[in-house]
Amino acid sequence: MVSFALFFTSMVPLLILGSLIKKAYERGLRLRASILGTTFIHELLLVVFPIWYSVFTKYYLEHEMIIQPHPSDLLVVIIGEVIFVTLFAIGLQIGQRHILQYKRVLILSNNREPLFLFLLIGAGFLIYLNLFISPPKTFEEFIVHFKVHQYSGFKAMLYAWFKGFFQISSIVASALVLVNSKKRYPLVLRIMAFSVLALVSLTSLSQGIRGRVVIVASFLGMAGFIKRRMVAFYVGLVLIVAIVPLFVFLGGPFRSIYFAKAGQGATRIELLNSITNAVGKAIKTGGSYKLSKYSFISIFARRAQASRNSIVLYQLYNDGLGAGLRPLGAAFVSPIPRIIWPEKGIAGSSDLTPTGAAVYLVRHVGYGSPVYNVGPYLASAHAYWEGGWIWLICAGFITGLMWNVILKWCLKTGREINIIIALTLTRGVLANGFLTALQPLFDFVRLFWATILPTIMLSVIVDLILTIKKGALMSVPRMQSNLD
């Protein structure tokens, strides 16, 4: 009976999102449709599919968890997701009658955009070029990052801020530049945009990580859909289909290759070569990953663990170990320098340590994994961990209302920066490569401080520079000719 309820209840979020996508597409709201579409894919692959896998394999993967959850625990998680998505839909649809149909939306209408995009993409190019040519982190350096939340010096702090400001938004901007017509942007900007996407992908693959490559392909496809460049849209889809099989091969053994080679001082090129050779060997023979034992579907289901991980967050709250609003409160005060407030909380964490965040707890509590291991979870479960059913309902509605305001603002002003801001918000803290509008509330606040506000400030600075320059030119007296 529980399995029957799980199977059919898990489809409800897809039906709700599908209805929202249909309405948005019929109204010509392509930005809205693209964000809802990628959320639909996220729910299908990372929520519904693993639920169905659990039902048909008699909860084999849940039995591997040290907390030994019952199928009814998984049903509670899905009921929470249904409530969250329903309230999200209600918040998103408020005032929709007043939105007119637009044949074309978000058309470039400001001649200041090229300079803004040049600076933003240029920042991304510097960030990812530095990541690619810098020595890869060793395992010891990786562990220190999660144990100690501090910077090694002032320059390191400035670079960390700079990287946090533009590493996501520059990917979105690069995708938008590439899908636009060749006449719209200069060749040098298009080359920089392609370089950013290539560097992101190569840096990711050299570490044995799939997520960032999926992000690049997803943003490229979404930008193509929004800008009506269907070739780019289909290229993004094809890339995702080509990348998905990497979920089978780029797992723990290949992160081990990364750390082993990093300890030997290997470059990114050497790491790429080693991991590519190992993947090729695994494809041909099964290699150390023993593909004869695991099918692609079982490996993908094992990695798509957000639903069963979320059981941990429900259990923690029910045991009196809920996070309260500390994760959200810490996000609001995150711009305050730690040198002024050493005991400041960490955005998303229930205590003063990074590992107090849900992304670490779901693995440590649920599987007994080391505290530096991360795992995905559902935004609805994070809301429940913070404040039970009441806060889950509130968080779902607030999320929908927030997206309602953002998307209406994007529709009114119609500038390229609006697409960048909206799409950037789909890449949050959830530990997977698929984009979604359903993020924990603390992460929207964190993204505002870390990425959205700096992006807006960069746009304002460009406007001021060009306005001052225009005013200076207009103030120059006109030279009289000899014929006057």
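The values are calculated or read from the model by the stated rules, or taken from the named source; none is laboratory data. What you see is a predicted model; the values in this text were computed from it and never measured. Backbone-built Cβ (ideal geometry, glycine too); neighbour counts: all protein chains shown.
Put simply, of Trp389, Trp403, Trp449 the only residue that is at pLDDT 90 or above and surrounded by fewer than 16 Cβ atoms within 10 Å (Cβ to Cβ) is Trp389.
From Gly428, Gly433, grab the single residue that is buried (at least 23 other Cβ atoms within 10 Å of the Cβ) and either outside any loop (DSSP other than H, G, I, E, B) or at pLDDT below 90 (or both). Result: Gly433 is the single residue among Gly428, Gly433 that is buried (at least 23 other Cβ atoms within 10 Å of the Cβ) and either outside any loop (DSSP other than H, G, I, E, B) or at pLDDT below 90 (or both). When the stretch 331-368 is filtered for residues that are assigned to a helix (DSSP H, G or I) and among the β-branched types (Val, Ile, Thr), the ones remaining, listed by number, are Thr355, Val359, Val362, Val365. Look at the stretch 297-315: where a residue is on the phi > 0 side of the Ramachandran plot, no partner that is surrounded by fewer than 22 Cβ atoms within 10 Å (Cβ to Cβ) sits 6+ places away or on another chain with Cβ atoms under 9 Å.
Exactly one residue among Val312, Val231 is in contact with a Leu (Cβ under 7 Å, 6 or more places away or on another chain), part of a helix (DSSP H, G or I) and at pLDDT 85 or above, and that residue is Val312. Close Cβ contacts (under 7 Å, 6 or more residues apart or on different chains) running from residues in the stretch 169-198 that are part of a loop (DSSP other than H, G, I, E, B) to residues that are aliphatic (A, V, I, L, M) comprise Arg184/Leu108; Tyr185/Val177.
If only one of Thr57, Thr39 is more than 25 Å from Ser369 (Cβ to Cβ) and either β-branched (Val, Ile, Thr) or surrounded by fewer than 22 Cβ atoms within 10 Å (Cβ to Cβ) (or both), which one is it? None of the other options fit; the residue is Thr39. A single entry from Val279, Val371 fulfils the requirement of being at pLDDT below 90, among the β-branched types (Val, Ile, Thr) and part of a loop (DSSP other than H, G, I, E, B): Val371.
Of all residues in the stretch 138-159, those that are under 16 Å from Ile346 (Cβ atoms) have Cβ atoms under 7 Å from Cβ atoms of residues that are surrounded by 12 or more Cβ atoms within 10 Å (Cβ to Cβ) and at pLDDT below 70, 6 or more apart or on another chain, in Met157/Tyr151. Looking at the stretch 1-77, the helices (runs of 4 or more DSSP H) lying wholly inside it that each contain 2 or more residues that are out of contact with any Asp or Glu (no Cβ under 6 Å at 6 or more places or on another chain) and either within 19 Å of Ser218 (Cα to Cα) or among the polar types (S, T, N, Q) (or both) sit at 2-9, 12-26, 30-43. Only residues that are modelled with pLDDT of 65 or more and closer than 20 Å to Gly224 by Cα: list them for the stretch 98-115, please. Those that are modelled with pLDDT of 65 or more and closer than 20 Å to Gly224 by Cα: Glu113, Pro114.
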